[in-house]
Structures are given as structure tokens and as C-alpha cells.
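Q: Please find one structure pasted underneath; my questions will follow.
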Amino acid sequence: MKTNWCISLRSYFFSAITASILGLCGGSAELLNEYDTLPKLREYTPPTYPEKFLLSQENAEVVLSLRVDEAGNVRGVTILKSSGQADLDSAALIAAKKWRYYPASKGGKPVPIVVHQKVLFSTKLTESISFYEIVVSRKDLADSLASLLESGADFSEIAKRYSEAPSASHGGFRETVRYDTLPAAVRVALERLAPGQLSPPFELNDGRYMIIKRKRA
């Protein structure tokens, strides 16, 4: 199995996680002559930034070798080039094991192949952000509200009824808040969410509990 085919994936903060094929590596012409089709990513789980890197604005690159079987499943992953940070390398490895591909084909049949995968970690911070929040004093209440929201309850109505934050009168909505004014715990929670996604309850420095929801794009 040849191994000189690669794609690049990039993980951003405060933008949609994207998976894009940026180009084939050296030797791709030879591979295209040997195979009918090369693998194409169909299910992508983004690497999770370790918490200590979430606010660091560090950029890093990991190059992986993936063994993709004839069903498009990843059967083995090794690091070809380390980022220099063990936690980032581990995040890339864990995510890659969950990826699924449309398999390579040869002679009209799916076949296994080894691919080189470049994973680029980078930050794309924004000056302001809009989101919804609920702030309460008790953890048990926060947990109960989170269960209601997961069951489909309207966030704005729950915020109006239970939230202790000034935003309660607006259904918990905070519009174009300066990112650098937010507590670190809130920034970390926001950076883990895709637009429209809900956070689990987390504790603030003042002992209260918060649930947030990223505004849809």
C-alpha cells in the first residue's frame, strides 16, 4: 500500500470546525494511475483542544499515518511528525480513530490504503461574540435546567424564569459581548461549542453555575 497521499484538516476556535482537502502530496499522480479513486473523508470528528491550550492562541501541526481499510474505517494511526506537544498529538490520534472515509478503489473494487494526514491546530479569535446564558446559585437547579433544555425546553423561556443574570429579561441573550471581558471559564466553555450547541452546567468563580448556548450563525 502506498503512503504518499495526504489531506489537511484545520481546527479553529470561534468558527465552524472544517475538514477540507487542500491537495495531494508528492507522488499523487502515480497513485491516481494506480487507483481508480483515492479515499475521501465522509465522517469527521474534530480534535478536542486540551483545556490548557484553549486560551493560548498557539498553532501546531501534527502529521499522522492512517491505515484505512476497504470499508473506509481507520484501522491504525501513528504519528509521523509530532506537534511538540504530547496533549495535542494525543487529541489528533483520538479524533483520527473515529474518522470514516469513502474507501480507495482499484479495478472497480474498494481496497485498503495508507494515507498521510496533516492536522493543523490554530486559533481564530473574535473580538466579540453573541450567546445565551442562564446563571443560577444552586448546582442541583442548574442540573435540572440542563435536563429540561436537553429535552427541548425553550432556552429563552427558561432563562426568563430562572436566571439570576441581568440578561434574564432578554431571554438570556447577550449580544456582541467583547470576548476579552469574559471570565476564562466562560471563554473555555464557548470555545468547546459549535453554533447552536448547549454547554453542560459549569461553575463560575463566584460559586454560581452557568449554562450557555452558542448563537447560531
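Read-outs: derived from the displayed coordinates by stated rules, not from any lab. As the structure is a prediction and not an experimental result, all values here were calculated from the model. Cβ coordinates were reconstructed from backbone atoms using ideal geometry, including for glycine residues, and neighbour counts include every protein chain displayed.
Q: Quick query: amide H of E61 versus all other amide H atoms, modeled in the peptide plane; which residues come in under 5 Å with a sequence gap of 5 or more or a different chain?
A: F121
Q: Contour minus end-to-end for R138 and H116, with contour as 0.36 nm per residue of separation and end-to-end as the Cα-Cα distance?
A: Separation in residues times 0.36 nm, less the Cα-Cα distance, equals 3.1 nm.
Q: Using r as the Cβ-Cβ distance of S147 and L193, and R0 as 25 Å, what FRET efficiency do you calculate, to the nearest 0.05?
A: Rounded to the nearest 0.05, the efficiency is 0.90.
Q: Additional query: Which one, A96, P201, Y179, projects farthest toward the positive side of the charge dipole computed for region 84-217 from Cβ point charges (K/R +1, D/E -1)?
A: The residue sitting most towards the positive pole is A96.
Q: With r as the distance between the Cβ atoms of I79 and D206 and R0 = 41 Å, compute the FRET efficiency 1/(1 + (r/R0)^6) and round to 0.05.
A: So the FRET efficiency works out to roughly 0.45.
Q: Mind sorting S151, S156, S130 by how few other Cβ atoms lie within 10 Å of their own Cβ, fewest first?
A: Going from sparsest to densest Cβ surroundings: S151, S130, S156.
Q: I would also like to ask the following. Run the Debye formula on the Cα coordinates of region 96-217, all scatterers equal and no solvent, and tell me log10 I(q)/I(0) at q = 0.11, 0.15, 0.23 1/Å.
A: Taken in order of the listed q values, log10 I(q)/I(0) reads -0.49, -0.71, -1.38.
Q: Alpha carbon centre of region 69-101 versus region 176-217: separation in Å?
A: With region 69-101 and region 176-217 each reduced to a Cα centre, they are spaced 29 Å.
Q: Could you give the nm distance between label points at L93 and T181, where each point is 7 Å from its Cα heading toward the beta carbon?
A: Each label point is offset 7 Å from its Cα along the Cβ direction, giving 4.3 nm.
Q: While we're on this one: For each of I211, I158, count neighbouring Cβ atoms within 10 Å of the residue's Cβ, then give the residues from fewest to most.
A: Least crowded to most crowded, the residues run I158, I211.
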